[in-house]
Amino acid sequence: RFCDVAYAGLLKNGYEPAHSDFSPFTDISSPTVSSLYRSGIISGKSETMFAPNDYITREEEATILYRMANFMNIDLPDVFDSVYFDDEAEISDWALMAVKVMRDMGVMNGTSDNIFSPDDVYTVEQAIVTMVRLYGYNNH
């Protein structure tokens with residue numbers, strides 16, 4: 001479901017993800033997922049498993065939004081080594097830059113002033129709001 005929203009949003013805003021019918025994953029066969037994977041926007045839980053029924057965490061979503069911004073050739077802000085959130089030590093190393101960039105862009109904020117909550121479930125409503133912000137950021 002999330003991938004369908006991301007894919008449709010990219011198309012609506014004039015971006016064409018790579019077309020692919022080949023799925024690198026054994027647990028899903030979806031041209032949309034394959035296209036987003038081939039475009040470098042999403043990855044799986046492992047090399048062969050996408051886990052389509054798993055929830056997306058906030059840090060996973062920050063990473064996807066970051067990859068979408070790169071795909072859209074958005075000029076991304078520089079991030080600094082300073083601590084952005086009180087729970088920053090809980091953010092995975094692979095997601096930290098994406099979390100900071102999305103916060104600096106105003107695309108994705110914390111769950112409160114100083115808390116990011118990286119392992120919390122990312123809701124459909126949050127996904128829609130942050131994608132709208134990302135597309136809006138690119139058009140200002």
Please list, ordered by first then second residue, the pairs with beta carbon atoms under 6 Å, 6 or more apart or interchain, first in the stretch 46-68 and touching a residue at least 40 places away in the same chain (Cβ under 8 Å), second among the β-branched types (V, I, T) and open to solvent by 20 Å² or more (accessible area, probe 1.4 Å). Y55/V121
Look at the stretch 106-125 and say how many of its residues are closer than 11 Å to F2 by Cα and surrounded by 13 or more Cβ atoms within 10 Å (Cβ to Cβ). 2
Members of the stretch 5-38 found to be open to solvent by 70 Å² or more (accessible area, probe 1.4 Å), farther than 18 Å from G136 by Cα and not acidic (D, E), listed by number: H19, F22, T26, S29, P31, Y37, R38
Out of the residues in the stretch 61-85 that are under 20 Å from D113 (Cα atoms) and not aliphatic (A, V, I, L, M), which is most open to solvent (accessible area, probe 1.4 Å)? D81
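Yes/no per residue for (1) at pLDDT below 95; (2) in contact with a Lys or Arg (Cβ under 9 Å, 6 or more places away or on another chain); (3) not in a helix (DSSP H, G or I):
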residue	(1), (2), (3)
E59	no, no, no
T63	no, no, no
R67	no, no, no
D75	yes, no, yes
F80	yes, yes, yes
V83	yes, no, yes
A98	no, yes, no
R103	yes, no, no
T111	yes, yes, yes
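The values are calculated or read from the model by the stated rules, or taken from the named source; none is laboratory data. Computed from a predicted model, the values in this text were never measured in an experiment. Please note: Cβ atoms are built from the backbone with ideal geometry, for glycine as well, and neighbour counts cover all protein chains shown. Protein only, heavy atoms only, side chains kept; ligands, DNA and RNA dropped before computing areas. Shrake-Rupley method; radii C 1.70, N 1.55, O 1.52, S 1.80 Å.
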